[in-house]
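Q: The structure that follows is given in the form of structure tokens.
Taken together, the values in this text are just the output of simple stated rules run on the coordinates, not laboratory data. Since the model is a prediction, treat every value here as computed from it, not as a measurement. Every residue, glycine as well, gets a Cβ built from its backbone with ideal geometry; the counts of neighbours run over all protein chains shown.
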Amino acid sequence: MQQLYTVKITRVILAENLVEARKLALSIDNPQDVECVEPILGLFDIPQGWADAIPYGAEQQNTRQCLLAQLAADSRFDHFEVHPCLAAGRDEHGQILLEQSDEDDPAVCVWSVYGHLIAGGLECLADFDQREQAEDFRGQILKIQGIWAQADEHFCVSGTHPALAEDEHLEAYFEDRISGGDLYGGQPLTEDW
């Protein structure tokens, strides 16, 4: 499965693993940036201004679409949840720490999308000002998983491909859907996030 990476917070690349990401960063003629390659694990890891850009190593899908596909294919998660959160202080770097709260709490400051880990626990993937934005983000991940489930079913019945969503054949199928512009059934991506 391909993964998004930032390079010195100035570029986004798509690669199979960290070694490949560093090779791609090196091929862009910036050898000093190779040690500044970091994985993108959630929406907040995408550098400002890069959400709609085409990452190096991708064909036509933008960074946001690649992230949605990456999250949908991440086998560590068995489902995705939206929770209200409130500020609970700051960490040693001055970043606001969030904790889940009740929906009715007047102190709710963001709505967070979490991946539920199969091993147990949650991993925060994105924060939004509005519940609708968080639900939309979660819905887009689930829609991609639905496309893969349909492909799984088709390929399983036809016997033409293995029936695993992470299989490279299905990833190629998914990338074709993005390149064809039909990933969202003719619906444009929401620009709110």
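Q: Relative contact order for segment 1-104 using alpha-carbon pairs under 8 Å, separation at least 6, rounded to a whole percent?
A: It comes to 22 percent, rounded to a whole number.
Q: Let me ask another. If amide hydrogens are placed 1.01 Å from N in the peptide plane, which non-local residues have theirs closer than 5 Å to the one on LEU125?
A: Placed amide hydrogens put VAL113, TYR114, GLY115 under 5 Å from LEU125.
Q: Label-point separation (nm) for ALA88 and ASP102, each offset 7 Å from Cα along Cα-to-Cβ?
A: 1.7
Q: Give the relative contact order (percent, whole number) for segment 1-59; include only Cα pairs under 8 Å separated by 6+ residues.
A: Contact order relative to length: 41 percent.
Q: Can you compute 3J(HN,Hα) from phi for each residue in segment 40-57, using the Karplus curve 6.51 cos²θ - 1.76 cosθ + 1.60 with θ = phi - 60°, rounded to whole Hz and x for Gly and Pro?
A: 3J(HN,Hα) across segment 40-57, in whole Hz: 9, 10, x, 4, 5, 7, 6, x, 3, x, 9, 4, 9, 7, 7, x, 4, x.
Q: Quick one: which residues, 5 or more positions from GLN2 or on another chain, have an amide H under 5 Å from its amide H? H modelled 1.01 Å from N in the peptide plane, none for Pro or chain starts.
A: none
Q: From zero up to wherever the largest Cα-Cα distance of segment 3-73 sits, split into 10 Å bins and tell me the percent of pairs in each.
A: 23, 59, 17, 0
Q: Here's something else I'd like to know. Beta carbons within 10 angstrom, averaged per residue: use that to sort the peptides 126-133, 85-92, highest first.
A: The most tightly packed comes first, giving 126-133, 85-92.
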